[in-house]
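The numbers here are math on the coordinates, done by the rules we state, and not lab data. Model, not experiment: these values are computed from the prediction.
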Amino acid sequence: MASNAPKPVEIKNGEVTFISNVDRCQYTITELSKMALRDVAKLLRQRIKDPSNMPEKTGNLKKNVGTWVKIDKDTGQPVLQIGVYNKERAHKKGLKYAFYAPYLELGTKKRKPVNNGKGFIKHVVEASIDDIRRIEGAYLKEIEDENKALGLIREGEEIADD
């Protein structure tokens, strides 16, 4: 249950009381968006790490793929980042750093990205658009039912890498 949800604001003007739920609605929409993005991240991590999508067979690159759901500082909206751990994070997790990941995803002057020029991450994301829309829609439709929406919101860790 979401404990940080703002309470409705009551404003009294003579005999009339105005009740504003704007802050509560904005909170609920943001939290539902974060939960939807976490589920999208889980789906994309599984698909990116699938052996048929991995351009190398040692398993090192697969172990270095991670996702992050963060709040954009400019917009205040949740965003999903998908990528490969940097050197510091890889070492912190006890992994061998996959320094070659950007070359596989973005290519070089002499070599195109893997998967016919689409990279190993972009390729999966593009192929998963319909599923991403379905997941996002399943969460965001619950804005109409506050109790159901609050039941879906799990406040906590933003980073995952299973």
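Any chance you could tell me what percent of the C-alpha pair distances in region 9-160 go past 25 Å?
Working: 4992 of 11476 pairs.
Above the 25 Å cut-off, region 9-160 has 43 percent of its Cα pairs.
Per residue of region 13-21, in order, report the coupling 6.51 cos²θ - 1.76 cosθ + 1.60 (Karplus, θ = phi - 60°) as ³J(HN,Hα) in whole Hz, putting x for Gly and Pro.
Working through the residues one at a time gives 9, x, 8, 9, 10, 9, 10, 9, 10 Hz.
Give me the angle, in degrees from 0 to 90, between the Cα long axis of helix 129-140 and the longest principal axis of the Cα atoms of the chain, rounded to the nearest 10.
It works out to around 20 degrees.
Students often get this wrong, so check it: of Lys62/Lys109; Lys93/Lys122; Lys62/Lys122; Lys63/Lys122; Lys62/Lys87, which have C-alpha atoms separated by over 21 Å?
Cα-Cα > 21 Å for Lys62/Lys109; Lys93/Lys122; rest within.
Roughly what angle does helix 22-49 make with the longest principal axis of the chain, taking Cα atoms, 0 to 90 degrees, to the nearest 10?
Tilt relative to the chain: about 20 degrees.
What's the long-distance tail for region 61-130, i.e. % of Cα pairs beyond 18 Å?
Details: 1214 of 2415 pairs.
Across region 61-130, Cα pairs with separations above 18 Å total 50 percent.
Pairs of Cα atoms under 8 Å, at least six residues apart: use those to get the relative contact order of region 9-160, whole percent.
Taking the mean separation of contacting Cα pairs over the length of region 9-160, I get 27 percent.
May I ask you to evaluate 6.51 cos²θ - 1.76 cosθ + 1.60, the Karplus curve with θ = phi - 60°, for each residue of region 101-112 and list the ³J(HN,Hα) values in order in whole Hz, giving x for glycine and proline?
Rounded to whole hertz, the list is 4, x, 5, 6, 7, 10, x, 9, 4, 9, 9, 6.
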